[in-house]
Every structure is written in C-alpha cells, then in structure tokens.
Amino acid sequence: MYVRDAKNREEVWLLDHIEAMGLDETTFRSRDYVIALDESTNQKAGFGRIRHHKTSDSDERTPGGQGPGGEICELTSIGVLEGWRRQGVGAHVVERLIEMAGDDGFERVYALTEQPTFLAQFGFRTIDTERLPAVLQQRLETKRETLAPEATPVVIDVDRFVMPDRLRERFKTASEQPETEDPTETAEDFGIDPDAATYKYDTS
C-alpha cells in the first residue's frame, strides 16, 4: 500500500465517492487530494484533502498557525472505501496530508470533524471555537448546518504528528475485505486502543 497525489483523471472517481460518503466537496480541486492505493492491484482504497484558506495577518487567534501569504491549512474530506477500513488506510492518508502541509510551509493544521477521537491518536487536540481563525469559525457553522451537526474543531502542530505502530503494521499488509451485511463498529474504529482505554466512548 502507498499514498500518492491524486491525478486530474481521477476527479470523477473522487467526486463520486465524496458524494456517496456525504463528505465536503466545497471548492473541489483534485490537486488538493491524495489517494491510497494497493501497489499490486492499483485498487484505490481511500483519499483525503488539505485546503488552504486566506486569512488576515492580524488575526490574533492563529498565533503560529498561519503559513505562506497569511494562509491557514485545513484537513478535510477523509474517506476510506468499505472493504479497506480498519487497516490503517485513513491513518496513512492523514500522515501524507500532514507531510504536504509541512512541505508547504505550515506549522499547524486544523480539522472540523465528527470523529475527533480518531484524529486524537495522531496528536490532534480539541480547540475552542472562539480560538479558531475567523474563516474556520464560519466554515464550522456552515458544516454543522449542512453536513456534520456534531463537528468539533481540532488542531495539530505538524511536528507533533505521531503514527501508532499498530496502524503502521496494518497498512503494510492491507487488502480489500468482503463487505459484511452488519458491520460492527469497534473501539479501534474511533482511534481508541481497547487494551489501554479506561473510558467509555460514544459512537453516535
């Protein structure tokens, strides 16, 4: 398995799966995406995007969070196809996007997600809405109204990203699995290590 930049010819594939999964396709540009593939079969397994937002250099709510030209960076539209889930695909999509953000000069990456616990295992932390850059406060309000009512803002310093060993190993041997009629969600689906967790989690 590996993750690479999306190609222009994959635009239709991306849009089809973004729509099917109910993800955010606002200001879609295929060049913003990466795609995870099986290197032996070339099957696509997952995808994700980073989005740059213009913001004011004087916005005091983003100390250290602005990149080149006063922009900020958002991680969004992470999707994994049904047969490839729970095998570290989404984790490696996130890793590649964080690396891209760092290469683009960003020290910090934001996300507005209904699964903050999944991102927490990589080093993301929740942030108060009032501390978001103004453009992301507006994005959060719109996202809650249209796509993700429980969206939570999170942020990570690029140099604090951590890939859990278990997800690194799963990705090395990932393969497409047959779909099940009644899939059971587990703690690990939400980024929780069942051997170490001592708290309850909510799958609503």
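Observations on the model:
- Unmet criterion (only one of (1) in a helix (DSSP H, G or I); (2) at pLDDT 95 or above; (3) more than 22 Å from A20 (Cβ to Cβ); (4) hydrophobic (A, V, I, L, M, F, W, C)) for V155: (1)
- Residue pairs whose Cβ atoms lie under 9 Å apart, sitting 6 or more positions apart in sequence or on different chains, and linking a residue in segment 19-37 that is on the phi < 0 side of the Ramachandran plot to a partner that is polar (S, T, N, Q) and in a loop (DSSP other than H, G, I, E, B), are L37/Q43.
- Restricted to segment 149-175, and to residues there that are of a type in the set (A, V, I, L, M, F, W, C) and in contact (Cβ under 8 Å) with a residue 60 or more places away in the chain, the residue that is farthest from F106 (Cα to Cα) is A174.
- Selected residue (only one of R125, R144, R108 is surrounded by fewer than 14 Cβ atoms within 10 Å (Cβ to Cβ) and without any contact (Cβ under 8 Å) to a residue 60 or more places away in the chain): R125
- Restricting segment 108-147 to residues that are of a type in the set (S, T, Y) and modelled with pLDDT of 95 or more, the residue that is nearest to E95 (Cα to Cα) is Y110.
- Number of residues in segment 69-106 that are within 14 Å of the chain's Cα centre (by Cα), closer than 17 Å to P153 by Cβ and outside any helix (DSSP H, G or I) equals 6.
- Count of segment 27-36 residues which are part of a loop (DSSP other than H, G, I, E, B) and surrounded by 14 or more Cβ atoms within 10 Å (Cβ to Cβ): 1
- Segment 162-176 - residue that is among the hydrophobic types (A, V, I, L, M, F, W, C) and either in contact with a Leu (Cβ under 6 Å, 6 or more places away or on another chain) or not in a helix (DSSP H, G or I) (or both) and, of those, farthest from L37 (Cα to Cα): V162
The values are calculated or read from the model by the stated rules, or taken from the named source; none is laboratory data. Quick caveat: nothing in here was measured; it's all calculated off a predicted structure. No Cβ is skipped: glycine too gets one built from the backbone with ideal geometry, and neighbour counts run over all protein chains shown.
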